[in-house]
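Just below is one structure, and these are the notes that go with it.
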Amino acid sequence: MTGNFLKLCIWAIFALLVVVSCGPSGPVIHEDDDPAFDRGRSYLKVGKEEEALDEFLSVTRRMLECPKSHLEAGRLLLSLESRKDPVSSIYHFRRFLLLKPESREASKVKQLIVTAEREIIRDLPGKPYEDYLELIALQEENAKLKRQVDDYKARLGAPLEQAGQLPRTAVPVVVPPRPVPPPQPAQVRSYVVQKGDSLYAISRKFYGDSSHIDRIFQANRDSLPSKNSLKVGQTLRIPPVPPNR
């Protein structure tokens, strides 16, 4: 009987512990309501960055969801010379991105991570990645210059280059020569003899002078027995002048 009573007491104590452990542990405190977070912001306003860092770090150690404290701690660990720790700053930046992936500051935080990584590379013994850092710096300078050029173009109303498109250069436009048409064979014209006409007058009318009388006569030998046998109403063939004349 005593053994059963002892077992019953043990089970009652165990159940009580389970109930207590599963019950509410108190009100949930948000980051903005945490006194340490408020003190950290106050220290930042008066330039006490080291004290602010300690307050923000205390928030991150006690709370699971404190993106603002992680962000401030990361920034201070990257900028404070006396407390600089780029490795720890990357940790806090990544915690911020994990908690606030859609934040407006996400892109800036990613850039801060890159800056912290460069600090780590720069401090490596022997500086094995010095050339790599210089290359990144040149790429960033080129990107900055391109943004400035695009800004000037926008002010002048000039079209901007699209992403991924190579800059356009002035290319001379080559206009192919216009083909010269082959010479067309000269057409034989015709003329109806009028009253008062003569080969002399007809030559001057079509050729501009009287030196082509024989040409007209030879072209019409089948209807002209002589150079003076013109008849009114007669149709004559007026041959073209040879091009080599």
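Report, ordered by the first and then the second residue, all pairs with beta carbons closer than 6 Å, sequence separation of six or more or different chains, a first member in the range 86-114 that is more than 14 Å from residue 60 (Cα to Cα), and a second member that is in a helix (DSSP H, G or I) and of a type in the set (D, E, K, R). Correct list of pairs: 86/119. Here 79, 58 are screened, and the one residue that is surrounded by 10 or more Cβ atoms within 10 Å (Cβ to Cβ), at pLDDT below 90, in the same structural domain as residue 104 (by TED's automatic domain parsing) and among the polar types (S, T, N, Q) is 79. Return the residues of the range 64-100 that are polar (S, T, N, Q) and in a helix (DSSP H, G or I); say none if nothing qualifies. Within the range 64-100, 69, 79, 88, 89 meet the criteria. When residues in the range 194-227 are screened for being outside any helix (DSSP H, G or I) and either surrounded by 11 or more Cβ atoms within 10 Å (Cβ to Cβ) or free of Cβ contacts under 8 Å to residues at least 12 places away in the same chain (or both), 17 of them pass.
The values are calculated or read from the model by the stated rules, or taken from the named source; none is laboratory data. Keep in mind the model is a prediction, meaning the values are calculated, not measured. As a convention, Cβ positions derive from the backbone with ideal geometry for all residues, glycine included, and neighbour counts pool all protein chains shown.
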